[in-house]
Each structure stands twice: as structure tokens, then as C-alpha cells.
Amino acid sequence: MRQNEAREALALARKVESRARSGGGWYMGFGLAFGAASCLLTLTIGLYPTPWAMGLAMGLFWVFLAVLITWAVTRAVVPRGFGRLHGVGMGVWGLAYGLVLLLGTRHFPQDPSWWVPGAVVTALPLLVTGYLSLRRSRNSA
Amino acid sequence: MNHPRDRLDEVIHAPVRFSIVAALAAVESAEFRFVRDTVEITDSALSKQVTVLEKAGYVRVHKITVGRRARTSLALTKEGRTAFAEHVRALGEIASGETLRTPDGA
């Protein structure tokens with residue numbers, strides 16, 4: 001193999017890799033949607049802690065989550081390192097969501113100064129993992 | 001002397017297979033149709049090349065049914081990733097001219 005042929009092969013590999021990697025960009029959308037839903041759920045539970053409001057918010061959240069997961073599993077590409085990235089993101093989300101709810105219901109009932117930033121905190125984990133995945137999908141190998 | 005071209009992987013070296021492996025190296029897994037469109041080949045050509053890669057132990061084929069749709073997912077195995085990385089490394093050495101120069105430039 002000649003030098004120029006090797007260069008052409010490498011250029012082709014970069015082009016194909018870049019095209020394939022861009023197929024994993026959907027995870028940013030997943031992170032945004034999940035983050036927004038988590039934010040709304042936390043705000044509703046924290047600021048309107050009536051049984052019907054909480055029930056409605058939880059119901060809508062689970063329906064939305066089911067739709068989101070169905071959409072995600074029908075994507076054509078699973079981004080590189082997705083399992084670990086998403087696992088860490090969901091773990092951190094669970095921890096953040098649990099802490100915001102636990103501390104908020106005990107010490108800051110219906111206090112917007114706790115629940116608004118708390119809701120934003122619960123939105124962050126999957127926004128960050130989505131962003132990391134997107135950044136990885138834009139960077140070349 | 002060990003010329004990098006001796007380290008080129010014969011299975012991956014074929015242009016279409018090289019493109020398929022390059023596409024799969026960039027992702028965890030991808031659907032058959034996505035790889036077909038990315039590499040710009042026909043279903044039958046991709047199917048044929050995937051069989052070769054699967055036999056070499058470089059590609060894993062996974063068939064699942066989501067709803068009413070049957071989906072075929074392709075992924076590189078650990079051996080496939082290692083072979084591709086080594087192949088690209090050898091190409092890089094050839095491209096940079098880090099090798100002994102032969103009269104024909106090969």
C-alpha cells in the first residue's frame with residue numbers, strides 16, 4: 001500500500017466515523033426532554049403538594065417517560081459509551097431527585113426558593129450526559 | 001524489518017469492509033439500515049460483508065423485534081475494535097512515511 005492510499009483510507013475512515021457518530025445525537029434530545037419533565041414533576045410536587053396535583057404530575061411523568069423510552073429504543077444508533085454514561089446520569093438523577101424531595105418536604109414545604117433551584121438540579125444530570133454524548137458525537141476520532 | 005503494511009488486517013483491508021468497520025467503531029451499535037445508508041451500499045452487499053466480518057469474529061449481529069418491526073443491529077466485538085485500531089495505526093504509519101522507503105514507494 002502506498003502512502004497516498006493510506007492517507008485516502010484514513011480520510012475515508014474519518015468521514016464515515018463522523019457520519020456514524022452524528023447518528024447518536026438524539027441522546028441530547030432525550031436529556032432535554034427528561035430534564036424538562038423532571039423539572040416540572042419536582043416543581044409540582046414541591047409547590048402544589050395536594051393529592052390530585054401530585055397524582056396527576058406522577059401519572060403524566062410516567063406516561064411521558066414511557067413514550068420517551070419507546071422513542072429512544074427505536075433510534076438507529078446507540079452512541080459510544082452510552083450504557084455507562086446513561087447509567088451514571090440516571091444514578092445521579094435518582095440521588096438528586098431523592099435529596100431534593102426528602103429535604104424539601106421536610107424543611108422547605110412549598111418554598112419556591114428551595115423548589116425552583118431544586119427542580120433545576122434534577123434536570124441537570126441527563127442534560128449533562130446528553131451534552132457529553134453530543135460533544136463526543138461532534139468530535140472526530 | 002516489520003513493515004506496517006504487514007500489520008494491515010486482511011479482513012478489514014477491503015474498502016467496503018473498512019468503511020463498515022469504521023462506521024461501527026464510532027458507535028456502540030447501529031441498525032443495519034443506518035450502516036447501509038452511512039456506507040452507501042445495497043442491502044445485499046452489506047449483508048455479504050457483514051457475514052465475512054461476523055465469521056472473522058469482528059462483528060456481532062443482534063436481531064430484535066420492537067413492536068411489529070424486526071430490527072437487525074450491528075456492533076463491533078472487542079476483537080473487531082482491537083483489529084480496527086491496529087489497522088488504523090498501521091495505516092497512520094504508512095501515511096506518515098515512518099517506514100522504510102522502497103523504490104516503488106509501496
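The values are calculated or read from the model by the stated rules, or taken from the named source; none is laboratory data. What you see is a predicted model, and the numbers here were worked out from it, not measured in a lab. Note that each Cβ is placed from the backbone with ideal geometry, even for glycine, and that neighbours are counted across all protein chains shown. These accessible areas exclude ligands, DNA and RNA; they are computed on the full protein's heavy atoms, side chains included. Shrake-Rupley method; radii C 1.70, N 1.55, O 1.52, S 1.80 Å.
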Exercise for the section: Quickly rank A:27-40, A:80-93 as a protection proxy: mean count of other C-beta atoms within 10 Å, highest first. Expected result: A:27-40, A:80-93
Exercise for the section: Scan around residue A:81 for amide H atoms under 5 Å from its own, H built in the peptide plane at 1.01 Å from N, and keep only partners 5 or more places away or cross-chain. Expected result: B:28
Fill in the blank from the handout: Log entry, pair A-B: total buried accessible area, probe 1.4 Å, protein chains only, in Å² rounded to 100, is 2400 Å²
Exercise for the section: Given the peptides A:46-59, A:8-21, arrange them by the average over their residues of other C-beta atoms within 10 Å, most packed first. Expected result: A:8-21, A:46-59
Problem - All aspartates and glutamates inside 14 Å of residue B:55 as judged from Cα atoms, apart from same-chain residues fewer than 8 positions distant - result: B:10, B:79
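Need one value for A:20-26: mean number of C-beta atoms belonging to other chains within 10 Å of its residues' C-beta atoms. Walk me through the numbers before you get to the answer.
Working: counts 13, 4, 3, 9, 4, 0, 0.
That average works out to 5.
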Exercise for the section: Sum up the charges of everything whose Cβ sits under 11 Å from the Cβ of residue A:78, counting Lys and Arg as +1 and Asp and Glu as -1, but leave residue A:78 out. Expected result: 0
Problem - Mean accessible surface per residue for the protein assembly as shown, computed with a 1.4 Å probe while every protein chain stays in place, in Å² - result: 55 Å²
Exercise for the section: Evaluate the distance, in nm, between pseudo-label points positioned 7 Å from the Cα of residue B:2 and of residue A:116 along their respective Cα→Cβ axes. Expected result: 6.4 nm
Handout entry: Gaussian network model of chain B, Cα within-10 Å springs - most flexible of B:12, B:41, B:20
Key = B:41
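Quick one: work out Rg over Rh on the C-alpha atoms of chain A, Rh as Kirkwood radius. Please report the intermediate quantities before stating the final value.
Details: Rg = 20.0 Å, Rh = 17.0 Å.
Taking Rh as the inverse mean 1/r over Cα pairs, Rg/Rh reads 1.18.
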Problem - Centre separation in Å (Cα based) which lies between region B:38-52 and region A:18-41 - result: 30 Å
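Can you give the average number of partner chain beta-carbon atoms within 10 Å of each beta-carbon in peptide A:96-107, as a whole number? Don't skip to the answer; put the middle values down first.
Values: counts 0, 0, 0, 0, 0, 0, 0, 0, 0, 0, 0, 0.
The per-residue average across the peptide is 0.
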Fill in the blank from the handout: Expressed as a percent, the accessible surface of region B:4-94 that is carbon or sulfur, using a 1.4 Å probe and the full set of protein chains, is 51 percent
